[in-house]
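Working notes, structure below.
Rule-based calculations on the coordinates, nothing more; no lab input. Predicted model only: the values in this text are computed from it and were never measured. Cβ sites come from the backbone with ideal geometry, for glycine too, and all protein chains shown count toward neighbours.
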Amino acid sequence: MPNRYETLQDMMAHGYDTVIDVRSPAEFAEDHIPGAINLPVLSNAERAEVGTIYVQDSPFKARKLGAALVFRNAANTIETSLSHHEGGWRPLVYCWRGGQRSGSFSWMLSQIGWRAGLVEGGYQSYRRLVYSYLYGQELPFRLIALDGYTGSAKTELLQRVRGLGGQVLDLEGLANHRGSLLGGMAQPQPSQKGFESALAQALLQMDPARPVLVEAESSKVGERIIPPSLWRAMKQAPRVEVQAPIEARCRYLTQAYDDILSDGDMLREKLGYLRGHRANAVIDHWFDLIAGGDKAALTLALMQDHYDPAYQKSRRINGAASIADLDLGQMAEDDLDRVAQQICDLLQTR
């Protein structure tokens, strides 16, 4: 039975036992409804073959081949991945447009006796709801931005505040990136659509009556763009600024970015992009430090020559009001715990 969802909140509260995405693995990898499992009725190669026949030969031949493949693959899935479900199981199925792939699969499930639902409009319907939520309306949250120089343990403070019960939006975690030129992680970033799905899901789980702590970012986290409604709210958000001596920040950053600092080839490639923005002599000095393997000296030089000046420029441009300046001391464990508690106390008063 087709299910029509008018809002993203309604879709996320669908009430079914399992959400099944029957699109190809490549389509699923780009983006999908959060929590869905991928049981493709066409593989990547099969989908490409059917599409080619549809365009270059005959739509009828394409549909005939597609039907044979869909039912063959669906039968195998029912025998294997779904064989353990009892009669009361209620799956919700979708494909790209809510058409033949999901319609055929949900029909088969219904014939068995399972109470299968179908997302009307498929993934495209879901994607329109995500876009409307993040791009077409103002978000109902009061944001507090956590600000400070690079190396001020802002991401770690977010996690500690969350552990203390504070409401936190971790954009770097959702984007799988540490938010700077050298902030890449071992695993690639999600697609822009995948990032927006994760972001929308995180926001829908939050209480609008309570403030949300978010790290002060630029308009992008790595290559992922922060949607405009959230970015506007972040720019206007009052700020809590954390401060620590550059030596303490350097120690913290050298440890936190050890994986990055250990990859000389990647460092030279990334830092080379800054030629034209920083003097060649400055970048050549960085390269000498990379060659010498002096991670602490390189970190200090990058902070003094690049990150701190960039932060100071950003603060002059944005000029957002600071509601508290918190001292991180030497950034020991008890310092981080103390400041996290101070931030939690502050959130309770907003």
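Quick one: Debye curve from the alpha-carbon atoms of the stretch 51-132 only, equal weights, vacuum; give me log10 I(q)/I(0) at q = 0.21, 0.24, 0.27 Å⁻¹ to two decimals.
-1.01, -1.12, -1.22
Between the stretch 77-111 and the stretch 241-274, what is the separation of their alpha carbon centroids in Å?
49
Given Cα pairs under 8 Å that are at least 6 residues apart, what percent is the relative contact order of the chain? Please list the in-between numbers first.
Details: 495 pairs, mean separation 60.1, N = 350.
Result for the chain is 17 percent.
Considering Cα pairs under 8 angstrom that are at least six residues apart, work out the relative contact order of the stretch 247-350 and quote it in whole percent. The partial results should precede the final answer.
Numbers: 44 pairs, mean separation 27.9, N = 104.
Reported as a whole number, the value is 27 percent.
Figure the gain on full extension for Gln243 and Met1 (residue separation times 0.36 nm, minus the Cα-Cα span) and round it to one decimal in nm. Mind dumping the intermediate values first?
Working: separation 242, 0.36 × 242 = 87.12 nm, distance 5.68 nm.
Computed gain between Gln243 and Met1 is 81.4 nm.
Quick one: Debye curve from the alpha-carbon atoms of the stretch 121-175 only, equal weights, vacuum; give me log10 I(q)/I(0) at q = 0.13, 0.15, 0.31 Å⁻¹ to two decimals.
-0.51, -0.64, -1.23
Among Ile33, Ile246, Ile53, whose mean-square fluctuation peaks in a Gaussian network model of the chain (Cα, cutoff 10 Å)?
For the chain, modelled as a Gaussian network with Cα springs under 10 Å, the answer is Ile53.
Please give, to one decimal in nm, the separation of the simple spin-label points placed at Gln304 and Gln201, each 7 Å out from Cα toward the Cβ.
4.5
With no solvent and one point on each alpha carbon, what is the Debye value of log10 I(q)/I(0) for the stretch 24-97 at q = 0.25 Å⁻¹?
Rounded to two decimals, the profile gives -1.23.
Subtract the Cα-Cα distance of Gln330 and Arg162 from 0.36 nm times their separation in residues, and report this length gain in nm to one decimal.
Stretched out fully, the Gln330 to Arg162 stretch lengthens by 58.3 nm.
Please list, ordered by chain and number, the residues whose modelled amide H lies under 5 Å from the amide H of Gly179; skip anything fewer than 5 residues away on the same chain.
Under 5 Å from the amide H of Gly179 lie the amide H atoms of Gly222, each far enough along the sequence or on another chain.
Using 7 Å Cα-to-Cβ label points, what is the Glu223/Ala68 separation (nm, one decimal)?
Computed distance between label sites Glu223 and Ala68 equals 3.9 nm.
Rg to Rh for the chain: what is it, with Cα atoms only and Rh by Kirkwood?
Values: Rg = 24.8 Å, Rh = 23.3 Å.
On the Cα set of the chain, Rg over Rh gives 1.07.
How high is the FRET efficiency between Arg90 and Tyr135 when r is their beta carbon distance and R₀ equals 30 Å, given to the nearest 0.05?
Numbers: r = 32 Å, r/R0 = 1.06.
Efficiency for this residue pair is about 0.40.
Starting from 0.36 nm per residue, how many nanometres of slack lie between Tyr16 and Thr52 once their C-alpha separation is accounted for? Working shown, then result.
Details: separation 36, 0.36 × 36 = 12.96 nm, distance 3.49 nm.
Contour length minus the Cα-Cα distance gives 9.5 nm.
Can you list residues whose amide H is under 5 Å from Leu213's amide H, if they're 5+ apart or on another chain and H is modeled 1.01 Å from N?
Distant-sequence amide H within range of Leu213: Ile144, Gln167, Val168, Leu169.
Give me the distance in nm between label points sitting 7 Å out from Cα along the Cα-to-Cβ direction at Asp265 and Lys313, one decimal.
3.1
For Lys220, give me every one of the lysines with a C-alpha distance below 30 angstrom, ignoring sequence neighbours fewer than eight places off in its own chain.
Lys220 reaches Lys154, Lys193, Lys235, Lys270, Lys295, Lys313.
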